[in-house]
1. Determine if region C:345-356 includes at least one residue that is touching a residue at least 60 places away in the same chain (Cβ under 8 Å) and within 14 Å of another protein chain (Cβ to nearest Cβ).
2. Could you check, for region A:67-76, whether at least one of its residues is at pLDDT below 85, more than 14 Å from every other protein chain (Cβ to nearest Cβ), within 28 Å of A:L509 (Cβ to Cβ) and touching a Ser or Thr at 6+ places or on another chain (Cβ under 9 Å)?
3. Output the residue which, of all residues in region C:173-189 that are free of Cβ contacts under 8 Å to residues at least 40 places away in the same chain and over 16 Å from C:G268 (Cβ atoms), is surrounded by the most Cβ atoms within 10 Å (Cβ to Cβ).
4. Only one of (1) on the phi > 0 side of the Ramachandran plot; (2) surrounded by fewer than 16 Cβ atoms within 10 Å (Cβ to Cβ) fails for C:A42. Which number is that?
5. Name the residue, out of A:V203, A:V155, that is of a type in the set (V, I, T), more than 30 Å from C:T377 (Cα to Cα), within 13 Å of another protein chain (Cβ to nearest Cβ) and part of a helix (DSSP H, G or I).
6. Given (1) surrounded by fewer than 19 Cβ atoms within 10 Å (Cβ to Cβ); (2) assigned to a helix (DSSP H, G or I); (3) of a type in the set (G, A, S), where does B:S40 come up short, assuming only one miss?
7. Among the numbered criteria (1) away from chain C (no Cβ under 14 Å); (2) of a type outside the set (S, T, N, Q); (3) assigned to a loop (DSSP other than H, G, I, E, B), which single criterion is violated by A:R135?
8. So, A:S227, is that one at negative phi, part of a loop (DSSP other than H, G, I, E, B), surrounded by fewer than 24 Cβ atoms within 10 Å (Cβ to Cβ) and within 14 Å of chain C (Cβ to nearest Cβ) or not?
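The values are calculated or read from the model by the stated rules, or taken from the named source; none is laboratory data. Since the structure is predicted, the reported quantities are computational estimates derived from the model, not experimental observations. Using ideal geometry, Cβ is built from the backbone for each residue, glycine included, and neighbour counts are taken over all protein chains shown.
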Amino acid sequence: MVVAASETTEVVLESGWFLENAWLIPVVPAVAFVLIIFFGKRMPRKGAEFGIASMVGALVLSAMAGMQWIGRVNAVSEYTHVPPVVRTWTWWQNGGVHFGIGQHVDGLSVVVLLVVAFISTLVQIYSVEYLHGDRRYTHFFGALTLFSAGMLNMVVAENMIQLILGWEIMGLCSFLLIGHWWEDSANSRAALKAFFTTRTGDVGLLAGTSLLFFAANDWTQKTLGVSGFSIRGLSAWALSGEGSTTAITVGAIALFIACIGKSGQFPLHTWLPDAMAGPTPVSSLLHSSTMVVAGVFLVARLYPVFFEGMDIYGSGLNLIVLIGGVTIIIAAALAFVQDDIKKVLAYSTVSQLGYMMMGLGAGAWLPAVFHIFTHAFFKACLFLGAGSISHSASHHSFDMKKDMGGLRKHMPVTFATWVVSTLALMGVFPFSGFFSKDEIIDNVGHAGYTAFMWVGLTGAFMTAAYMTRATYLTFFGEPRGAAAGVHHGDHHGDHHGDAGHGPRESGPLITIPLVILATLAIGSGLLNAVPFGHSWENFKKWVEPRAEVVSATGIASVVGGPGESRLAAGGEEGKEGKHSSPCGSEKPEGGVCPAPYVKHAEFKWSKAAVSLVLVFAGMIASWFLCVQLYGRRAGPLVGLTSRNGAARAGHRFLVNKYYLDHVYENVIVRTLAGPVARAAYWFNQRVIDAAVNGVGTTAKRIAGWVYKNIDQRLVDGAVNASGAGAQGAGRALQPVQSGKVSQYGALLFGAAAVGGLVLVIINT
Amino acid sequence: MLLNQFLFLSAILFCIGVYGVIARKNAVLVLMSIELILNSVNINLLAFAMRNGNADGHTFALYVIAVAAAEVGVGLAMVLLMYRNRRSIALDELSEMRG
Amino acid sequence: MQVLSDNNWILTVGTFLPLVGVLLMLFVPKAEEATSKAIGIATAAATLVVGVLTLVLFDYGKAGEMQFVANVEWIPVIKSTYYVGLDGISLPLYLLSMAITLLVMIYSWDHVPSPGNPKAFFILMLVLQTGMAGSFVARDLVLFFVFFELVLLPMYFMIGVWGGEQRQYASLKFFLYTMFGSALMLVSFLALFFKTGAESFAIPYLVENGGAIAKNTQIWIFAGMFIGFAVKVPMFPFHTWLPDAHTQAPTQGSVILAAILLKLGTYGFVRIAIPVLPDAAREWAPWIGLLAVIGIIYGAFGCLAQTDMKRLIAFSSVAHMGFVMLGISTLTEFGVNAAIFGMVAHGLITGMLFFVAGSVKERYHTLEIKRLSGMLTQMPRLGWILGFCAMASLGLPGLAGFWGEFPAILSAYQPAEGLPAETFRTYMVVAAIGTVFAAAYLLWLYQRTAFGEPTAEFSGHGDGTPDDHHDLHDVGVYEWIAWTPLLVSILVFGVYPQLMFKVLDPAVGVTMRVFNGG
């Protein structure tokens, strides 16, 4: 649908029904959630049909919107800014200002919408079999659907408040889903921990949003006519060069704290491995491919703010790069000592999220977003593969050392998809991970963050090594425990009825999603296959915002109704040849910038070869180590940790997760919930309350505190003294109150007579 | 002027009333005594009203009568309740109100 | 100030209709409990109908102005008039009081607390309703004071007669504490009256002339009102009556106390103290803000230390009202809007939490968190409702609590001109940290009571053994009727807050006009 030009239009852009109504995408699952809650149990498939139908609906809508977005982008030249499709409706007002809810759809939103809708659909289909017969089957689908609604809402959010709405709904669903089997207190504790940790990070989100709002609102209202919550307003403001540098920096840091919590970055990553207590589809959807990328998404979404606030390109180090880099190494190291297959994957997720963060921090916006895209497929596939193993082969155990081994013969499909995804995760050419991860590493180096390029390469080596270990333990070697048909105490036996089989392949509802995901794990990288030349960089063309100076009215008027996407000419002259843009580096003249100009490294096989060599080295070294350690009974390396003190200390340090949990739980949480809370309550009961209750006892108890509580005591003393006075007088007069009416009467008349006498005497 | 006579009557009635309130045990009699007191006051008011030649006293007396009616109503209700609960209306047996 | 006097009978009818019901109920013999209850509920329902009619007749284009104004001579000696009116600030609270009373009465249909006597119980609730509604529409200080105090007595009896084991202590403490505050408040009102020329007690008059009082005098007058209202809110350190009153009060008392009575204090700040004495408000604001954030953190710690569910919820009120007071203390439209939204949201959510606590107590005969476990297995619906309310209470976006909490935090970033911005920004960060604690204690409560397996002493349910706990039935019919409107409102206001902000914002703009000029 081509919309008629209005007077300021210089370039007519294509739009379409699906783009303009992208706000429907989160609404569909939200409605489905309500249906599941109220009617789910009465439906033949217990509510799963609502969930799956809504996800398919959301997927179709997203796909159509994606197609229309591509059409919109293709209609203009390569360096022309493509305005997002924005619509708002009044959501609330305060101080006479109206704040909206609506949609902000651009390349980034479309990609993440597609990923979320797609993975959610597959995971829901998978769950039909995986959770078959579970006692809270309907609730599970309800929470899963609500989660998707929350995430999709966050992705299309027009402003920060709407983004927070989605953000917190995801947190809630994460809580519900991790604690799905809440009869076991370990699960509910993990749920609490996840919610609580991310909530701690959310302090930054609330504070950062407030700060940026007040810093930007005047400018955005004046220049663009939008509120200081709106994403395009904040972006343009950050790049305008007119905002206070302090405000941008502090705001960016505050928001980044929230991203650290949500995306499991160091040092708030500890909740993520514990979150594996939830059912495997949940781990796959929430804690690997979608929800945890919310933090990364926020950085990518408000990239101008972070770009300016963190001074990206300005120096060789900034907070985002640092946290990302540290997370890569820290998490990868932890993945080596895990016995639980899901925890290996969890730490791997943390590590990969570190790559994305590092990329964003180093200005590699596009590779990082592309990594969100590819990572979602292969990580979801790995998790679902782990679920498939536990579902059909290891009696719901996830312990690689006890209950797995040699499974490749029994589970050919699971094995094949696992290997494909593992290779993608390691970044082996030509699997999808190569095209995104290698680009991140390459661009980090290109932008001048050389040290972090080596961190990335080290991470690639470690990734290859720990994934080889996990693959070896699971699929090779001798079958052990449940994989060998041994039965043991099965504490989740109540939700499955198929115990008693040996290892076998899972059913089609599980394997089909696996195959689809594995196919994408191979193929999705080709969307932006930089090594094959410029014409293959479709993802870049469709998704990356073009850094161009556009007129302020150009952005502002986008708010209008359907199809009113207008664009004003600003930087048209730099169309051809080597493009450069003032956005991000200097103050834009005559307009505003929607996005900062980011550099792109030129692909060279020589650079890619380094990382590929490291990956293969990691695989081979790890393979031999595994064969040594786990394959044979006695090798030189077996028992190294018990013989060598340094190795033992290192191992224990890793097994205890750097003692971070210890610090959080035993020191911080216990202190706050224990002594501090009790002290506060003690203060309440013994000091404030006692002060009110009785001045006598209080005086003794808080004698030492007197000077601190003068106010309390003065007020209270007065109250109590007057009470005591009244009491004393009452006691003195008590005998008078005999209860005999006639006596009262006599007293009354006596008093009246006395009064009368007095009157007479006075008046005479 | 008849004022003195009225006042004298009123004083006698008042004293009888006071005596009744203080000395009698029977709650009904006490109530009646209170009525006597109130009416003695009324006579006083009327007497002075006549002397001063305005209607203030009459108004007040009417008001007192109305209040007295209400008071008797409540009083009798209380006596009745007392009788129901205790099978007696002797006031000197009532000392639950002792402080 | 412009006034709209159309349909000016409606507020008087809405306020005093409950007393008509009381009159009717007096003629019903005590033994006919059902009749008493029916009359009570019918009266409350009729009152709510009048309230809804008010809502319909309300001119939303002029939400900032007083509407349905009635102004007749009342006590000419002290120049007090019967002056009532309603604007966008009063409207939600006025309606909330009506709705809550009706719902509480419906809940009481089969939940009359021991020692019974529903007739007296319902009469007290109706009297309470008149006092609450009257306080929200009164535009004259004497009238306001009368209504404000009228609320006290029924609540005293509700706690003292139908309360828990320590009811005598709790009710007396509640009564004396509030009376103490009221006394100071009255003195302040009188001082205000005389300092403005002893002309009128009408609030609009005082708003116009209050600013002319010398600043030092203002500060002292404000101090008196501050204590009066702060006790009611309750703000740290005047909050100690609250946990006792809540813990001992019957469920109905707790709900009304939390949902409406506490709001009288904050409403007093917004309606009287701040607009009448703007200079003093500016001086006091940083201190009010300080007490508010102390309350937030302190209330949260209080919650974390509790072993009793109801007491925990009571302490959470201290924290939540801290957010409300923080919003008010910024003296900005933004903050006050947030505060009023927060008041209504807190009324709905905490009221609901107390309902749930009452039902838990009725079924388990205990509220000790340690002994409650696995509520979700035994009573899934009650468990999920508790979860819903806990989520709403901790300020989850999409539910009503968020819209009181977040804008209040936001507003603290930029307080009114003349206030120390750095101090308030510190408050903002502390308050934001307070939200984490809110999440901590509520989820912790939820995890321990709802999740897990039921404890041994209550797990005999459902297997037909002789020691089967017959009391452990899920949410009943009357509970559903009473709760559904609350739950729906929490969700609706959370999803579409503009419903309320639309009404509040113009009225707050008018009220806070004096601070806009700087």
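1. Yes, there is a match, as at least one residue in region C:345-356 is touching a residue at least 60 places away in the same chain (Cβ under 8 Å) and within 14 Å of another protein chain (Cβ to nearest Cβ).
2. no
3. Across region C:173-189, the extreme among qualifying residues is C:F175.
4. Condition (1) is where C:A42 drops out.
5. That would be A:V203, the only listed residue that is of a type in the set (V, I, T), more than 30 Å from C:T377 (Cα to Cα), within 13 Å of another protein chain (Cβ to nearest Cβ) and part of a helix (DSSP H, G or I).
6. Failed condition: (1).
7. In the conditions (1) away from chain C (no Cβ under 14 Å); (2) of a type outside the set (S, T, N, Q); (3) assigned to a loop (DSSP other than H, G, I, E, B), A:R135 misses (1) alone.
8. yes
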